[in-house]
Each structure stands twice: as C-alpha cells, then as structure tokens.
1. Among what's in segment 8-26 and is touching a residue at least 60 places away in the same chain (Cβ under 8 Å) and more than 16 Å from VAL81 (Cα to Cα), pick the residue that is most open to solvent (accessible area, probe 1.4 Å).
2. Would you confirm whether any residue within segment 53-71 is assigned to a strand (DSSP E or B), touching a His at 6+ places or on another chain (Cβ under 8 Å) and of a type outside the set (Phe, Trp, Tyr)?
3. Do you know which of the residues in segment 185-214 that are buried (at least 16 other Cβ atoms within 10 Å of the Cβ) and β-branched (Val, Ile, Thr) is modelled with the lowest pLDDT?
4. Do the conditions hold for THR137, that is, is it assigned to a helix (DSSP H, G or I), open to solvent by 60 Å² or more (accessible area, probe 1.4 Å) and modelled with pLDDT of 85 or more?
5. Among ARG169, ARG148, which is at pLDDT 90 or above, in contact with a helix residue (DSSP H, G or I) (Cβ under 9 Å, 6 or more places away or on another chain), farther than 30 Å from ASP23 by Cβ and not small (Gly, Ala, Ser)?
6. Please name all residue pairs, on different chains or six or more residues apart, with Cβ atoms under 8 Å, provided the first residue is in segment 152-174 and is at positive phi and touching a residue at least 12 places away in the same chain (Cβ under 8 Å) and the second residue is surrounded by fewer than 18 Cβ atoms within 10 Å (Cβ to Cβ) and assigned to a helix (DSSP H, G or I).
Amino acid sequence: MTVKVVLLDDEELVRRGIRLILDADPDIEVVAEGADGSVALDLVAGHRPDVVLTDIQMPRVNGLEVARQLAALPDPPAVAVLTTFDVDEYVYAALQHGAAGFLLKDSSPRELTGAVEVLARGEAMLSPSILTKLLTTFTTSAAAPRARSRMAQLTAREREVAMAVAQGRSNSEIATDLLMSQSTVKVHLSRIMTKLDAANRTQVALITHDAGLT
C-alpha cells in the first residue's frame, strides 16, 4: 500500500525538495502540503494521511501545536517534526506533545523515505543513542513520581515490553527477546499506551525513562 504523507513547512523550497524526494519513491505519495500548522487538521481530515511531516517553527501555528492537535484525534497519523538541529528543547517538547520522532531537513533521500516507512509502520523513529541524548539532556527528576505512578498500572509483562521499547527495540526484536509473537507484542503495546496515556512508542519510552526503568 502507498504511504500517504502531508507536508507542512513555511519555506516553499524546503517543501518542494522534500516532496520531490518522497514522490520519487513508488511506495510514498505526498497528498497535500501547507505553509502553516493552522491547516493541519483540515488537511488530515481531507486526505487521511498515514504520516505528517511538520516544521517546528512556523508563523502562526507551530509544529509543537500540530503534534498536540493531531495526537488528540481518534485515529491520528504518525507525526515527525522537521528541524535543522539534531537535539534541542523544541524536539523534546514535540515528542512530549505526541510526535513520534524528528527528521533533519538536510537528511539524505534514503533517510527521508526510510523514516516515512518506519513511521507508517507505527515504529519508533528515534535511534536509542538519540533518545538517550534527549532524555539525559532535557528530563528532570520532577517527572519521576508521575511516571512511576503510571508505570505501576502495568503488568510485569507489559513493563518488560515497555522497557524494550525504551531501548529502541522493534516489534520483531521484542517478540524474539521475550518469546512471544509479534501480534502479542502489538496487543501489549496497545494496552501499555492506553494505561500510560501515551500517544505512541516514543512517549512510552519517555515515560519508562522518567520512571527510572532504563
């Protein structure tokens, strides 16, 4: 199936370049684009994309608000923020708001298309090293009590899966490590996200780290 993408960036040249790269992949189609986050909800409602790529800094509605608005939808697309910096407070805030990861604007064509495919599968897009750098740089001890309270709702098996997610493991790797089928991993992940009130795997990783389990 073709992965449908909505692209948001206030710089036309950036949008054009990313669109050319993505549309060159036969399995990816940019179905709509916009110059500001204020059109995000309308574009998503009208085109039902699998993935939304959004710039962080836009004139009226920025990428942080886009991530928050889309995460609140009943069946949200995966969201990644576009940035010129690999790790900063805006990226971390976007992850907390529901973004599944981030992409550098100067990413190679292979990195861009690969990231879109990963997002469409519902996988976490952050490498363990990047996630660790974000968490150690921007998290504070103040988040720990609430994170521990949320993690206490999980069963022992669910905690194992959550910890594997926080380590950057894919569904197939978790299935192999914990001796379960991939469908069972998906069931556990669905329950974990519901109990933790997490929008995606990345937020599961953030909460698990804040609870001191990684």
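1. That would be ALA24.
2. Taking segment 53-71 and keeping what is assigned to a strand (DSSP E or B), we get 53-55.
From the residues that got through so far, the ones that are touching a His at 6+ places or on another chain (Cβ under 8 Å) too are none.
No, segment 53-71 contains no residue that is assigned to a strand (DSSP E or B), touching a His at 6+ places or on another chain (Cβ under 8 Å) and of a type outside the set (Phe, Trp, Tyr).
3. This residue is THR214.
4. Working: assigned to a helix (DSSP H, G or I): yes; open to solvent by 60 Å² or more (accessible area, probe 1.4 Å): yes; modelled with pLDDT of 85 or more: no.
Spelling it out, it is not the case that THR137 is assigned to a helix (DSSP H, G or I), open to solvent by 60 Å² or more (accessible area, probe 1.4 Å) and modelled with pLDDT of 85 or more.
5. Numbers: ARG169 fails: at pLDDT 90 or above.
Being at pLDDT 90 or above, in contact with a helix residue (DSSP H, G or I) (Cβ under 9 Å, 6 or more places away or on another chain), farther than 30 Å from ASP23 by Cβ and not small (Gly, Ala, Ser) holds for just one of ARG169, ARG148, which is ARG148.
6. Filtered contacts from segment 152-174: GLY168/PRO128.
The values are calculated or read from the model by the stated rules, or taken from the named source; none is laboratory data. None of the values given here were measured: they were computed from a predicted structure. Glycine gets a Cβ as well: all are built from the backbone with ideal geometry, and neighbour counts include every protein chain shown. Accessible surface is based on the protein model in full, side chains and every heavy atom, while ligands, DNA and RNA are left aside. Shrake-Rupley method; radii C 1.70, N 1.55, O 1.52, S 1.80 Å.
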